[in-house]
Amino acid sequence: MRTFADIATQLEGQAIELPSWAFGNSGTRFKVFGSPGTARTVQEKVADAATVHRFTGLAPTVALHIPWDLVDDYEALRRHAEDLGVRLGTINSNTFQDDDYKLGALTHTDRKIRQKAIDHHFECLDVMAQTGSRDLKIWLAEGSNYPGQADLRGRQDRLAESLATIYERVGDDQRLVLEYKFFEPAFYHTDVPDWGTSYAQVSALGERAVVCLDTGHHAPGTNIEFVVMQLLRLGKLGSFDFNSRFYADDDLIVGAADPFQLFRILFEVIRGGGYGPANPDGTSEVAFMLDQCHNIEEKIPGQIRSVLNVQEMTARALLVDREALTMAQEAGDVLGAHEVFMDAFSTDVRADLAAWREERGLPAHPVKAYAASGHQAELETSRVGGTQMSWT
């Protein structure tokens, strides 16, 4: 059995990107709920993300969503982030809140509408040039609700053509990241419903096109760690959107519903070489990001809790005695292999992580430290007036 001392250095530099939209008001499909102290501008969203990083040391970048985070001067926003100790990260496009896209965007039968959607992605690439972002992430709310409504193959052909047009503009140091989702808002078929479809589309584009895996975007019972393994094996796992689900795309705090699943996923990430910096600038080929909506809990503490959950399950996954596991697997020792795996998962690393944080000048218990800091009360007092930002 490995000890925490054996894996402590491997926790250094772990980075989990925060989504700007997690700091705005959010809710269900029926209502968006407001809460005191919610960010009113993208600058305040970035400041909230920086607060999470200050308390945890785990969140050095914040992802933006266009047009939710539109500003006149992205270089100024970049400097604002850097002054707060964080950087701007992934740029997420949006082709699901425009009337023209009711029946599709990159897959639409009307070439003019497809071009409008393509032009939006060109704008996102222009934003990336100003923010220094590496990844353009595309999620498409496209598909159909009824059999016969749409030409399924024709939509795939148009999607491939649209993505290829966008990919031509992707820089040598940038990536196109295609996310998939099992269903919603299209219920009969979704144009990019699974990892296989995303993989097929990005493989046709080139090496700078990869897949984003959202942990809430699968059919019930899907073995997500198998998908992780396969995409890593194929060299096409680009990023994660970490969240948790009970039924569908719940976007709850990661690890809340099934921490063992998160452990299994992270084990496969480590096993497949997807964990740790792999680039000269310290970034990893597989980016960790949260994609969560804090509807009833406070925004900043919710994100703090989330990144700590990822850190804890990463530590447990690193504890797996890989040599002993391999020996048991090759010997056909079913119970022995399972025991090695479960020993690591069952190890309580919370006290070790608390001491590890204190050694690095961080609060031992970030959630408690934030609650005691009075920062939330300050936000609720100072952020009065204006329009609180929302994802709708």
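The values are calculated or read from the model by the stated rules, or taken from the named source; none is laboratory data. For clarity, every value in this text was computed on a predicted model and none was experimentally measured. Neighbour counts run over all protein chains shown; Cβ positions are idealised from the backbone, glycine included. Ligands, DNA and RNA are excluded from the accessible area calculation, which covers all protein heavy atoms including side chains. Shrake-Rupley method; radii C 1.70, N 1.55, O 1.52, S 1.80 Å.
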- Item | Mean-position separation - Cα centroids, segment 1-18 and segment 331-377, in angstrom | 10
- Item | Alpha carbon convex hull of segment 227-342, projected area averaged over orientations, nm² | 8.6
- In whole percent, what relative contact order does the chain give with Cα contacts below 8 Å and a gap of six or more residues? 22
- Task: Quick one: work out the % antiparallel among DSSP beta bridges in the chain, nearest 5.
- Result: 15
- Item | Mean ellipticity per residue at 222 nm, deg cm²/dmol - from DSSP H runs of n ≥ 4 across the chain, formula -39500 (n - 2.57) | -13000 deg cm²/dmol
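I'd like the carbon and sulfur percentage of the solvent accessible area for the chain, probe radius 1.4 Å, heavy atoms only, ligands and nucleic acids excluded.
That share works out to 52 percent.
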- Query: Cα gyration tensor of the chain, axes a ≥ b ≥ c as square roots of the eigenvalues: rounded (a/c below 1.5), prolate (a/b > b/c) or oblate?
  - Reply: oblate
- Task: Go through segment 172-188 residue by residue and turn each phi into a ³J(HN,Hα) via Karplus (6.51, -1.76, 1.60, θ = phi - 60°); whole Hz please, and just put x for glycine and proline.
- Result: 5, 9, 10, 9, 9, 10, 9, 8, 10, 8, 4, 7, 6, x, 8, 10, 7
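Can you give the charge dipole size of the chain about its Cα centre, rounded to the nearest 20 debye, using +1 on the beta carbon of Lys and Arg and -1 on the beta carbon of Asp and Glu?
440
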- Query: Which of the chymotrypsin sites (Phe, Trp or Tyr not before Pro) found in segment 65-135 are in a DSSP loop and have at most 13 neighbouring Cβ atoms, other than their own, within 10 Å?
  - Reply: F96
- Query: When the Cα centres of segment 190-244 and segment 25-39 are compared, how far apart do they sit, in Å?
  - Reply: 29
- Item | Qualifying trypsin sites (Lys or Arg not before Pro) in segment 93-165, DSSP loop, other Cβ atoms within 10 Å at most 14 | K102
- Message: How far apart, in nanometres, would the label points at L70 and V32 be if each is projected 7 angstrom from Cα along the Cα-to-Cβ direction?
- Response: 1.4
- Query: To the nearest 0.05, what FRET efficiency results for R383 and D333 with a Förster distance of 56 Å applied to their C-beta separation?
  - Reply: 0.45
- Message: Test of the criteria: in segment 1-63, which chymotrypsin sites (Phe, Trp or Tyr not before Pro) are in a DSSP loop and have at most 15 other Cβ atoms within 10 angstrom of their Cβ?
- Response: F30
- Where GluC sites (Glu not before Pro) in DSSP loops with at most 10 other Cβ within 10 Å are excluded, longest remaining stretch of the chain: 208-392
- Message: Given contacts defined as C-alpha pairs under 8 Å and at least six residues apart, what's the relative contact order of segment 1-158, whole-number percent?
- Response: 19
- Lysine pairs meeting the criterion (Cα under 16 Å, 8 or more apart or interchain), as found in the chain: 6
